[in-house]
Amino acid sequence: MGNSAIKSHIANAEKTGTFSLQNSGLKEVPEELQSLAKSLRNLDLSNNKLALLPDYLSHFSSLKLLKLEQNRLSTLPVGIGDISKLETISLQDNSLTSLPASFVNLKNLKSLNLSGNRFSSLPVQLFKLGKLDVLDISRNKISEIPDGIEELQVSEMCLMQNQVSKISKGIAKCPRLKVLRLEENCLTLEAIPVELLKESSVSLLSLEGNLFEMKVFSDVEGYQEHPGCTCFGWKNPNAGGNGSQQSVSSQDSCRGCKHPFANHTSHLEDLGEKQLDEALSMAIDVENLFLCASKDDDPDKKQVFFLLLKLLRKAVSQLTKPVIDLGPLGTPPFEKPTISKVITNLVLYRYSNTSPQDWKDLVDIARTFVHYINTWKLETPSSRQQHILPIAEEDPASYKYDYARWLCFCSVPSYCDSLQRHDVANTFGKNFLRAIYPSVAKLIYTMIEAEKAKGPEERKASFIAMFPNFLSDLETELGDPDSPIWDEDYKPGSPQQSNPVPAPVERKALVKRERSEDAPMNPEPKKMKLADDLSEETVSNLIEVVSDQKKMLGPESVFPDNAPRDQAAKEEECLGIISFHVIGNSLTQKVSKQTMLWLIGVQNVFSLQLPKMPKEYITRLVFDPKHRTLCLVKDGRPIGGICFRMFPLQGFTEIVFCAVTSSEQVKGYGTHLMNHLKDYHVKHGMLHFLTYADEFAIGYFKKQGFSMEVHLPKTVYGGYIKEYEGATLMGCQLNAKICYTEFANVVRLQKEIVKRLIDQKQEEMCRVYPGLTCFKDGVRQIPIEAIPGLRETGWKPADVISIAPNGIPRTALSGAEEPLDIDQLQQAIRNVLSQVKNHASAWPFLKPVDKNAVPDYYDHIKFPMDLKTVGERLKARYYVHRKLFTCDMTRIFANCRHYNDAETEYYKCANIIEKFYLKCLKENGLGDVVKQS
């Protein structure tokens, strides 16, 4: 690896405290690392060819994490014991045979991985490490667990795939040992000390793969007294799909270990109801987290899932509250000032002199921005590297650590109630904000509409006008490292505020969009300027007319022909006759009496309207803490509802039950109920529904936008969604830009506007012109265009056609237009398209943009176009006029320049290929391209 690349990693490590250089073929540790001796906290040099570590490694006084997996190390430097702050060491898959004597000085070491080395005995240095909690020394050549083992302070020890044939009785006296894994060793039944089974605190003892059959292990002396168990406890492996469980007694024998079932719960007898609820909540979280870890293919997410899984299992076994303490990840907040403090400083710094009304709007804007930061779903590091353009200021290793922190402290706790959840805005700071700001700035315009709809109309207009300026100001401050918003102790009125608008500084744009300093950020993409396009004034007048009921006369205004199905339900909601509430049960928080009554009521509705479903099954799901129910309440009692479960990591929601009581059907309640559910999920960033519908429900779900064609791959929902015999899987994909409860009104308004435009155009066309009188005065002939009204019908003067030397027709009159012969036009377009496709710079435009590679592209480009689509249109004889072709080609270049930054390769390709395309047009006699505004 070159010096420039190492210098880049060094520069990033100076900012983040993390140096990661994996899979780089390093044969020695870079000398440049010495400059980080005082500041480096995390060092990862895994998957290299290191055979020796330098002595200066002992100078890294702040180091907490050291990962040297899959190298060629045979010894460790003597000075490693001087790194007193080390908490985690991973030396997996090396060639180590011993540890230096100074290893006993690592008093803060909590986790040690020595698996896959060449140890023949258990290092005695480990016995002196008082804070060591997890020890993995599997896949070595250890033959016995020696005397003195009782001094070891670990709670979990893994000795799998060794050669252990002897275990010291002292292991029963290990004060904290809870998990002991001895699979695939050389143990006989006689080698297992009776004290280990009778007196130890080990709760999980794994002995599979040794020199005896596990079925005879239950006959060993002390087995019945062993407090731990090697089976999976109370779970019934033959439970049916309807959720029914076989009734068992506490004195029945467990099939896995032959213990009475009471032994599995004996440690819970003295717990109060609150503690039992907390333990049950943790057990449910363990099960769900294990399911997520087993189904997810991303290695970064799986690693975090298993770390949290281990943490929760430990908390369940010890009946303690789980606390996320993963050493190298640190504890929140990770940066100061935090994002919430930065946004507060921005408002105080930029807008302290605004009017009270504007100040109120700005505070709402700031809160809305922070809300979207808190609910933002981060890309996985591997996915980000695939489609995000390289950014010099961003270190992939730094983003990977931030992603792991986000998962542990913000994302997973949002659906694991037993873990403490932290808001993103109060956890991260400048580096995190810079990493996600480009994506947030592009997508926030489409997401903000649902929030703006809550305020009155005049405030909505102010909100729309001020929000782009707020983002523009934030972007400016992000590019200024000396901005006062980065001051943790900033207060309004401080000396920095004397200059409210800082001088412009040279910086790299954070958003892929070029614009002048004073130009506002326009959330809408550029539109083609058409000659017959409507003016803004005309559109405003039409909207004013169709929105004013006093101006809308006629029977349609009172008795509309096609009233929306949920119109009556919407009117009842406005009058307060009905209301909608998202409710659910909880094991960790007290549930109000009203909520419980509504849950019971909606459970009764489901039981009556879905008679084929077992009542016990319905009850279990409705009251399950992981399920939520959108409840329709009328006259204080539930008359309908939709029970659903959200899977945030998988990105979809399963609709389990949907019903309205029979006496209240055919009133539009079902449609309005589904629309409320869609708005609720759009607000929470969930855009996919899945459900199994029986033959009576398929029609309803089709009317609500569901289809039997499921857009999600089966790997996403397989194993998560409950399957029902005889039912059909249906899916629905939501659009984040639509407010579904208002969608019918919006469409109806659009239809009314189009109808008014047609009427207006017909009035203009129906004109009577006086006859021609010039012939009475002796005029023999006049130009055809002089006939009154002829041009208004769309007629245009004909051109004189000549043939170019290459055989392609061209116009002889400058500026005139002639609809060429269709075959000649097709041949000319085919020549131009072929030349453009063969150009070296045409590669970005040959096929449509892949949505998986660029997820937000189609949120900003409303009318995509590419050369493949142009070719398909040409084959379909779509281009009956040259303007249709030039408009499509021009749109390709306009879209590229709108989405990409001027410095990108895509932007430059668009400029090059457009010049070449214009040249080809002239050579083939097709004239100039249609101009854009």
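A few points about this structure:
- Scan of the stretch 669-699 for residues that are touching a Pro at 6+ places or on another chain (Cβ under 9 Å), of a type outside the set (A, V, I, L, M, F, W, C) and over 21 Å from Gln603 (Cα atoms), ordered by number: His684, Gly685
- Checking Ile738 against (1) surrounded by 13 or more Cβ atoms within 10 Å (Cβ to Cβ); (2) touching a Ser or Thr at 6+ places or on another chain (Cβ under 6 Å); (3) not small (Gly, Ala, Ser), the condition it does not meet: (2)
- Set side by side, the residues Asn113, Asn108 differ, and just one is surrounded by fewer than 18 Cβ atoms within 10 Å (Cβ to Cβ) and closer than 16 Å to Val154 by Cα, which is Asn108.
- Positions within the stretch 162-171 being surrounded by fewer than 21 Cβ atoms within 10 Å (Cβ to Cβ) and part of a helix (DSSP H, G or I), in sequence order: Lys169, Gly170
- Residue list for the stretch 58-93, restricted to those being of a type in the set (Val, Ile, Thr), in a loop (DSSP other than H, G, I, E, B) and crowded, with 16+ Cβ neighbours inside 10 Å: Ile83
- When residues of the stretch 334-363 are limited to those that are in a loop (DSSP other than H, G, I, E, B), of a type outside the set (S, T, N, Q) and within 24 Å of the chain's Cα centre (by Cα), the one surrounded by the fewest Cβ atoms within 10 Å (Cβ to Cβ): Glu335
- Flag for Thr331 being within 21 Å of Leu433 (Cβ to Cβ), among the polar types (S, T, N, Q) and surrounded by fewer than 18 Cβ atoms within 10 Å (Cβ to Cβ): yes
- Scan of the stretch 701-715 for residues that are assigned to a helix (DSSP H, G or I) and either surrounded by 15 or more Cβ atoms within 10 Å (Cβ to Cβ) or at pLDDT below 85 (or both), ordered by number: Phe701, Lys714, Thr715
- Asp533 meets all of the listed conditions (1) over 32 Å from the mean Cα position of the chain (by Cα); (2) surrounded by fewer than 17 Cβ atoms within 10 Å (Cβ to Cβ); (3) at pLDDT 85 or above but one, namely (3).
- For the stretch 855-894, a residue qualifies if it is assigned to a helix (DSSP H, G or I), free of Cβ contacts under 8 Å to residues at least 40 places away in the same chain and either buried (at least 16 other Cβ atoms within 10 Å of the Cβ) or of a type outside the set (Asp, Glu) (or both), and the qualifying residues are Tyr858, Leu867, Lys868, Thr869, Val870, Gly871, Arg873, Lys875, Leu884, Asp888, Phe893.
- Comparison of Pro638, Pro611, Pro625 shows that the only residue that is out of contact with any strand residue (DSSP E or B) (no Cβ under 7 Å at 6 or more places or on another chain), outside any helix (DSSP H, G or I) and at pLDDT 90 or above is Pro625.
- So Leu197, is it in contact with a Phe, Trp or Tyr (Cβ under 8 Å, 6 or more places away or on another chain), open to solvent by less than 20 Å² (accessible area, probe 1.4 Å) and either modelled with pLDDT of 85 or more or of a type in the set (Val, Ile, Thr) (or both): no
- Of all residues making up the stretch 896-909, the number that are open to solvent by less than 60 Å² (accessible area, probe 1.4 Å) and touching a residue at least 60 places away in the same chain (Cβ under 8 Å): 7
- If you filter the stretch 664-700 down to residues that are part of a helix (DSSP H, G or I) and open to solvent by less than 10 Å² (accessible area, probe 1.4 Å), you find that the one that is farthest from Phe580 (Cα to Cα) is His681.
- Condition broken by Gly726, with the remaining ones in (1) assigned to a loop (DSSP other than H, G, I, E, B); (2) modelled with pLDDT under 85; (3) open to solvent by less than 60 Å² (accessible area, probe 1.4 Å) satisfied: (3)
- Only one of Phe470, Phe432, Phe463 that is at pLDDT 80 or above, more than 17 Å from the chain's Cα centre (by Cα), among the aromatic types (Phe, Trp, Tyr) and part of a helix (DSSP H, G or I): Phe470
- Unmet requirement for Gly718, which otherwise passes all of (1) farther than 30 Å from Leu575 by Cα; (2) buried (at least 21 other Cβ atoms within 10 Å of the Cβ): (2)
- Positions within the stretch 289-314 being open to solvent by 30 Å² or more (accessible area, probe 1.4 Å) and not charged (D, E, K, R), in sequence order: Phe290, Leu291, Ser294, Pro299, Gln303, Phe306, Leu307, Leu311
- Scan of the stretch 141-161 for residues that are open to solvent by less than 10 Å² (accessible area, probe 1.4 Å) and more than 38 Å from the chain's Cα centre (by Cα), ordered by number: Ile142, Ile145, Ile149, Leu152, Leu159
- Residues satisfying the criterion are absent from the stretch 546-556 (criterion: surrounded by 14 or more Cβ atoms within 10 Å (Cβ to Cβ) and modelled with pLDDT of 65 or more).
- Residue list for the stretch 734-793, restricted to those being over 30 Å from His676 (Cα atoms), β-branched (Val, Ile, Thr) and in a helix (DSSP H, G or I): Ile758, Ile784, Thr793
- When the stretch 366-387 is filtered for residues that are small (Gly, Ala, Ser) and open to solvent by 30 Å² or more (accessible area, probe 1.4 Å), the ones remaining, listed by number, are Ser382, Ser383.
- Restricting the first member to the stretch 77-89 and to residues that are hydroxyl-bearing (Ser, Thr, Tyr), and the second to residues that are open to solvent by less than 20 Å² (accessible area, probe 1.4 Å), the beta-carbon pairs closer than 6 Å and six or more apart or on different chains are Thr88/Leu65; Thr88/Gly327.
- When residues of the stretch 393-416 are limited to those that are acidic (Asp, Glu) and either assigned to a helix (DSSP H, G or I) or crowded, with 19+ Cβ neighbours inside 10 Å (or both), the one modelled with the lowest pLDDT: Asp395
The values are calculated or read from the model by the stated rules, or taken from the named source; none is laboratory data. Every value quoted in this text rests on a predicted model; they were computed, and no experiment measured them. In this analysis, Cβ positions are derived from the backbone assuming ideal geometry, glycine residues included, and neighbour counts consider all displayed protein chains. We work out accessible area using only protein heavy atoms, side chains counted, and drop any ligands, DNA or RNA first. Shrake-Rupley method; radii C 1.70, N 1.55, O 1.52, S 1.80 Å.
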